[in-house]
1. Among (1) open to solvent by less than 90 Å² (accessible area, probe 1.4 Å); (2) more than 16 Å from A170 (Cβ to Cβ); (3) out of contact with any helix residue (DSSP H, G or I) (no Cβ under 9 Å at 6 or more places or on another chain), there is one condition G98 misses while meeting the rest; what is its number?
2. Would a scan of region 244-255 turn up a residue that is at pLDDT 95 or above and assigned to a strand (DSSP E or B)?
3. Checking V81 against (1) surrounded by fewer than 20 Cβ atoms within 10 Å (Cβ to Cβ); (2) at pLDDT 90 or above: exactly one of these is not met. Which one?
4. Hey, does region 198-205 have a residue that's closer than 20 Å to L108 by Cα and in contact (Cβ under 8 Å) with a residue 24 or more places away in the chain?
5. Would you mention how many residues in region 39-60 are at pLDDT 95 or above and either part of a strand (DSSP E or B) or on the phi < 0 side of the Ramachandran plot (or both)?
6. Search region 350-363 for residues being part of a loop (DSSP other than H, G, I, E, B) and touching an Asp or Glu at 6+ places or on another chain (Cβ under 9 Å), and hand back the single one that is nearest to A478 (Cα to Cα).
7. What number of residues within region 354-402 satisfy the criterion of being among the charged types (D, E, K, R), more than 18 Å from M441 (Cβ to Cβ) and touching a Gly at 6+ places or on another chain (Cβ under 7 Å)?
8. Of (1) open to solvent by 30 Å² or more (accessible area, probe 1.4 Å); (2) in contact with a strand residue (DSSP E or B) (Cβ under 6 Å, 6 or more places away or on another chain); (3) closer than 17 Å to V277 by Cβ, G346 satisfies all except one. Which?
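The values are calculated or read from the model by the stated rules, or taken from the named source; none is laboratory data. Just so we're clear, the structure is a prediction, and the values are computed from it rather than from any experiment. Don't worry about glycine lacking a Cβ; one is built from the backbone with ideal geometry, like all the others, and counts go over all protein chains shown. When the accessible area is computed, the model is the full protein with side chains, heavy atoms only, and any ligands, DNA or RNA have been set aside. Shrake-Rupley method; radii C 1.70, N 1.55, O 1.52, S 1.80 Å.
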Amino acid sequence: PQTRPAADLSGMSHTMTSPPAALELIGIDKRFGAVHANDHIDLRVMPATVHGIIGENGAGKSTLMSIIYGFYQADSGRIQVEGRDVDIRDSSDAIALGIGMVHQHFMLVENLSVLDNIILGAEDSLWLGGSKRRARAKMLALQERFGLDVDLDARVDTLPVGLQQRVEIAKALYREARILILDEPTGVLTPQEADQLFDVLNTLRDQGVTVLLITHKLREIMSITDHVSVMRQGAMVAHRATAQTNPTELAELMVGRPVLLEVDKAPATPGAARMQVEGLGYQDERGVARLSDISLTLRSGEILGIAGVSGNGQSELLQVLAGTLGFQQGQIHLALESGTQTFGPGDYPDPNTLRRERIAHVPEDRLGDGLIKNFSAASSCVLGYHYEPQFGPAQWFSPTKIDAHAAELMQTHDVRPQDPSIRSANMSGGNQQKLILAREMSRSPHILLIGQPTRGVDIGAIEMIYKALIEARDAGAAILLVSVELDEILALSDRIAVMCAGRIVGTVDAQGADPKHIGLMMANASGDNTDKNTGATA
């Protein structure tokens with residue numbers, strides 16, 4: 001069994017004269033079979049504060065929040081709200097106690113109005129006309145108090161993501177939440193929308209609402225929270241006043257070892273063009289244009305980052321270039337082993353052919369597209385490359401050779417546990433990602449297409465993945481990086497192309513790039529959509 005991390009609770013001291021905590025957890029313990037998800041958790045959240053919870057994947061954060069909101073019940077331990085013991089059996093109990101939750105994936109009915117969504121499930125009479133009239137009056141008062149301006153009559157599907165999130169917060173406040181839990185709230189927001197959210201959180205705190213913020217972004221923890229608690233391996237290992245800590249300390253507490261937070265890279269030395277895309281267009285099966293007039297160039301020794309709010313065509317672009325979606329307009333020029341070839345709609349190579357030409361692909365959906373869950377790690381290590389002679393003669397695979405290859409990759413890329421026989425499904429998300437990256441990088445690709453490289457990956461694995469990408473760039477690979485994490489795009493890229501509504505609306509050099517300007521471009525609201533030197537061609 002794993003040793004429980006020693007807790008450092010120096011930031012949680014309080015005296016007998018302290019006001020009662022808004023929320024206090026005492027000895028919360030939860031198991032799922034052999035998995036000890038929450039190991040005797042103590043947590044004290046003071047009223048009218050923003051309290052951050054951070055930890056690696058699998059640290060137990062989501063389980064703990066689900067216990068607070070009534071999705072799970074603890075095996076043992078106590079929960080206190082405003083100084084008194086409470087029994088939270090389901091989410092209705094939590095709501096009745098003044099606890100609200102804004103989920104990472106919004107719980108809104110998109111074809112209903114904002115007001116309809118706010119009162120859904122909380123109607124105060126069978127006559128909806130009167131219920132909606134009273135709800136409108138209450139919401140107008142809440143908007144004035146908390147600065148939550150949003151058109152109550154707008155259909156939710158017409159609102160940008162930042163305003164949809166505001167509707168979720170308004171729903172919780174309408175139900176008189178005094179404690180508000182936000183789960184990874186900035187994952188789908190532009191930098192401007194994130195700043196607006198922080199303004200709202202500051203107002204909520206000033207108005208007496210207690211906010212519990214779950215995030216993996218240390219910059220957000222440092223900028224918005226009053227206190228931060230760190231979880232590791234199901235245990236609470238530290239509490240800190242935010243003003244008395246720093247990102248380096250928090251990262252080390254999360255992982256249990258020193259972590260390099262900055263990407264260490266020399267300036268790029270771009271070489272020859274490996275891929276050129278001209279006027280690319282793609283329509284989905286319903287005829288909806290997902291990509292329009294995309295033009296870009298991938299050069300050896302360079303990382304081209306694609307920035308944009310999720311759903312603006314980045315996923316489709318990656319799949320088209322990887323050969324898993326067929327495009328209908330444009331041309332793609334590839335520098336192949338046999339020389340440069342031009343491909344149009346209908347004749348672009350399939351993924352197997354691209355792999356043979358040393359064009360590698362790390363897909364966004366690692367479970368759906370990157371590996372087979374029931375296969376062993378060894379099989380996942382050769383998936384797509386199993387035809388290669390090193391693994392045995394045609395159609396006769398050598399398990400011994402495949403296992404040896406997997407063991408070598410798992411060691412060099414720190415994939416844990418280093419057991420080629422383990423089922424892929426039994427590995428953590430970060431180790432699954434490292435396994436896929438090891439497989440694709442082991443062929444020294446000329447072109448690497450990679451989507452969301454650190455999605456759902458803990459900070460220790462992020463450090464290793466960033467290092468591997470920079471090493472591949474410096475070895476001459478041309479890398480296309482798609483990520484919804486703007487900090488990641490800024491840290492890794494040499495050039496940045498910004499996508500909005502299926503188009504590249506501008507490009508910038510990554511060195512000295514302004515995140516706020518890129519955020520405006522992501523919303524197509526910059527007023528200066530193209531870089532003066534490159535236009536809208538990446």
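1. Evaluating G98 over (1) open to solvent by less than 90 Å² (accessible area, probe 1.4 Å); (2) more than 16 Å from A170 (Cβ to Cβ); (3) out of contact with any helix residue (DSSP H, G or I) (no Cβ under 9 Å at 6 or more places or on another chain) leaves (2) as the failure.
2. Checking region 244-255: not a single residue is at pLDDT 95 or above and assigned to a strand (DSSP E or B).
3. (1)
4. yes
5. Count: 14.
6. Among them, the one singled out is R358.
7. Residues flagged as among the charged types (D, E, K, R), more than 18 Å from M441 (Cβ to Cβ) and touching a Gly at 6+ places or on another chain (Cβ under 7 Å) within region 354-402 amount to 1.
8. (2)
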